[in-house]
Amino acid sequence: DALLKAFARILEREAPRPVLVARMLADAFLVLFPYKGKEELVTYCEAYSRALNGFIVSREQNYQLELRSGICCVEDSDASDINSLLDRANMALKTIKMKGAAQWKFYDRTMRDKLLREKDLEIRMEKALADGEFLVYIQPKYWVGTRALAGGEALVRWNRPGSGVISPGEFIPVLERSGKIRALDRYVFEKVCIWLGERKRREQETFPVSVNLSRSNFIYDSFLEEFIEIADRHQADRNMIELEVTETVFLTEENIQKVKREIRAIHDCGFRCALDDFGVGFSSLTLLKEFNIDSLKMDRSFFSDLDNAKTRNVISCILELAEQLDMETVAEGIETEEQIDSLRRLGCDVVQGYYFSRPLPQEQFERWIQEFEEIHVREDRE
């Protein structure tokens, strides 16, 4: 309470001329500020941030606050009333993602267009699922030593009529924020189960396929029951399905304990579990110690500088550690023969990337498997 009261006084005191200050709710404040130029607004943001943290220090409390401020200038907006100006300032505030970066952002019209497009994607998602606009692609994975097919990873594309193919980088974050990503995860999972079940009924060889599992699934206790029902209904062998999780599912100590239980349950049900994008976060080694992971997928950023001795040493240590922990290792984003040769010498198990193949529609992946098998039959005969 003392901090909130102090901040209200600071917002008034640090302004170079009279301003209107109001507390909107919780820790959100609104300032109406007459200004001569935008640089004056930046100076004001810096001043009240310093003053607030100075207040904290004066009370002998050892912490710092990062204030985030969205700013809407009248000349940059089509808003004609205070509520519209506030909405646009809030849009600017929501675009501030990274800690440590500049903690204020000016509204511009592109923000509104972006937010409207994101809202449109969110609203249309359920109908798009029903209409079959989401397509499941599979990117092949290969054993490094033999170059035999090791399986694949299921990836999703949104082919929206009138808009063409929408990048996953655009719609996945939107669906994650809204919680609707769970429906998409189930959709992709079911498509993979249908494919595996069909190959099994045709008595064709099946390969392990990994499916991404979004963080929001771990909020609900029912997701694994749903996946079991789907796999069994389509007669897909559970040991042919690998669920991929990223480090973002392990955000809090409480969540870590829940995820640990879920991963144990995943194994108990016969599914495999992989840790994706290893090396992007900061808690990777702790995760390897704490969790029973079958497969470790190393991020593509590891392999852009394999000529560097330090890079090779780091990769070698990770591969050795994974082997000791009985984890299969997968290198993502592999594009050159030189990378494959280096990874073979270092002891990596599996590679995935454009060198062998881009992600393929399921029908093309079927043909890819057939062609791959025919090549190996000819090689064996020779």
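The values are calculated or read from the model by the stated rules, or taken from the named source; none is laboratory data. Small disclaimer: the values here were computed from a predicted structure and weren't measured. Cβ sites come from the backbone with ideal geometry, for glycine too, and all protein chains shown count toward neighbours. When the accessible area is computed, the model is the full protein with side chains, heavy atoms only, and any ligands, DNA or RNA have been set aside. Shrake-Rupley method; radii C 1.70, N 1.55, O 1.52, S 1.80 Å.
Please arrange Leu25, Leu30 by accessible surface area, largest first, computed with a 1.4 Å probe and ligands excluded. Intermediate results must be reported in sequence, preceding the final value.
Working: Leu25 115, Leu30 40 Å².
If we order Leu25, Leu30 from most to least accessible, we get Leu25, Leu30.
Using a 1.4 angstrom probe with every protein chain in place, what is the largest-first accessible-area order of Glu205, Glu39?
Glu39, Glu205
If contacts are Cα pairs under 8 angstrom and at least 6 residues apart, what is the relative contact order of region 150-265 in percent? Intermediate results must be reported in sequence, preceding the final value.
Details: 117 pairs, mean separation 32.0, N = 116.
Worked out over region 150-265, it gives 28 percent.
What is the helix-to-structure angle for 253-268, meaning the angle in degrees between its Cα long axis and the longest Cα principal axis of the chain, kept from 0 to 90 and rounded to the nearest 10?
Tilt of helix 253-268: around 20 degrees.
Rounded to the nearest 20 debye, what is the charge dipole size of region 156-218 about its Cα centre when +1 sits on each Lys and Arg Cβ and -1 on each Asp and Glu Cβ?
The calculated dipole for region 156-218 is roughly 140 debye.
Rounded to the nearest whole Å², what accessible area per residue is found for region 93-195 with the 1.4 Å probe?
Numbers: 5180 Å² over 103 residues.
Ligands and nucleic acids excluded, the result is 50 Å² per residue.
List every residue whose amide H lies under 5 Å from the amide H of Phe29, counting only residues 5 or more places away in sequence or on a different chain, with H placed 1.01 Å from N in the peptide plane.
Hits under the 5 Å cutoff: Met24.
So what's the gap between the Cα centers of region 165-197 and region 309-350, to the nearest angstrom?
29 Å
About its Cα centre, how strong a charge dipole does region 143-260 have in debye, to the nearest 20, once Lys and Arg get +1 and Asp and Glu get -1 at the Cβ?
With Lys and Arg at +1 and Asp and Glu at -1, about 400 debye.
Relative contact order for region 16-96 using alpha-carbon pairs under 8 Å, separation at least 6, rounded to a whole percent?
Once normalised by length, the contact order is 18 percent.
By how many degrees, 0 to 90 and rounded to 10, does the Cα axis of helix 38-58 deviate from the longest principal axis of the chain?
90 degrees
With all protein chains present, how much of the accessible area of region 46-130 (probe radius 1.4 Å) comes from carbon and sulfur, to the nearest whole percent?
52 percent
Kindly write out, for region 185-196 in residue order, the coupling ³J(HN,Hα) from the Karplus curve 6.51 cos²θ - 1.76 cosθ + 1.60 (θ = phi - 60°), rounded to whole Hz, with x marking Gly and Pro.
3J(HN,Hα) across region 185-196, in whole Hz: 4, 4, 4, 5, 4, 5, 4, 5, 4, 4, 5, 5.
Name the long-range amide H neighbours of Tyr137: under 5 Å, sequence gap of 5 or more, or other chain; modelled H, no Pro or chain starts.
Amide H to amide H, under 5 Å and 5 or more residues apart or across chains, Tyr137 pairs with Leu155, Val156, Arg157.
Report ³J(HN,Hα) in whole Hz for each residue of region 176-184, in order, from the Karplus equation J = 6.51 cos²θ - 1.76 cosθ + 1.60 where θ = phi - 60°; Gly and Pro get x.
Calculated HN-Hα couplings, in order: 5, 5, 8, x, 7, 4, 4, 5, 5 Hz.
With an 8 Å Cα cut-off and a minimum separation of 6 or more residues, compute the relative contact order for the chain in percent.
11 percent
If each DSSP helix of 4+ residues adds -39,500 (n - 2.57) and the sum is divided by the residues in the chain, what number results at 222 nm, nearest 500 deg cm²/dmol?
It lands at -15500 deg cm²/dmol.
Which entry in (1) 56.1, 201; (2) 25.9, 88; (3) 23.5, 72 is this structure's computed Rg and Dmax of the Cα atoms in Å?
Here the calculated entry is (2).
What fraction of the DSSP beta bridges in the chain is antiparallel, stated in percent and rounded to the nearest 5?
Roughly 50 percent of the DSSP beta bridges within the chain come out antiparallel.
Run the 1.4 Å probe and let me know the accessible area of Ser357, rounded to the nearest 10 Å².
Roughly 10 Å² of Ser357 is accessible to a 1.4 Å probe.
List every residue whose amide H lies under 5 Å from the amide H of Glu244, counting only residues 5 or more places away in sequence or on a different chain, with H placed 1.01 Å from N in the peptide plane.
Val211, Asn212, Leu213, Ala274
Not counting ligands, DNA or RNA, and with a 1.4 Å probe, what is Glu176's accessible surface area in Å² rounded to the nearest 10?
100 Å²
Taking Cα atoms, how many degrees apart are the long axis of helix 223-233 and the longest axis of the chain, rounded to 10 and kept between 0 and 90?
30 degrees
Considering only protein heavy atoms and a 1.4 Å probe, what is the carbon-and-sulfur percentage of the accessible area of region 154-309?
Working: 3540 of 7360 Å².
Result for region 154-309: 48 percent of the exposed heavy-atom area is carbon or sulfur.
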